[in-house]
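Below you'll find the structure, written out as structure tokens, and then a few comments.
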């Protein structure tokens, strides 16, 4: 396992429902994925619209558009839960609890974790 790192997650405001402001909802999966791998995350607001940057030891190791991060994989979760609910009613609640915004299904979160672990 790579050594634990302090990861600065710099994020800018983005538009949602016609309002531009800083929000952390789309960062939850990213934070969870990094913390699951033993890293510590610190959030820092920037003025760069729709941008997410991960900085480790002062070095920019990863960046993406915040709108490209899965929103807790919510739309995919809803479809999966509906399907499972139809097949096996009693297990649907367990699936809802385990699918949350953990970043496991988001390819960008996995790329970000790799970039952090490869940072010096």
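Full extension of the chain between residue 65 and residue 20 gives 14.8 nm of extra length, using 0.36 nm per residue less the Cα-Cα distance.
So for each of 21-27, 48-54 I average, over its residues, the number of other beta carbons within 10 Å; can you give me the resulting order with the highest mean first? Please list the in-between numbers first.
Values: 21-27: 14.7, 48-54: 17.9.
Order by mean packing, descending: 48-54, 21-27.
Model label points for residue 4 and residue 35, set 7 angstrom from Cα along the Cα-to-Cβ axis, are 1.3 nm apart.
Taken together, the values in this text are just the output of simple stated rules run on the coordinates, not laboratory data. What you are looking at is a predicted structure, and each value in this text was computed from that prediction instead of being measured. Because the Cβ atoms are built from the backbone with ideal geometry, glycine has one as well, and the counts that use them run over all protein chains shown.
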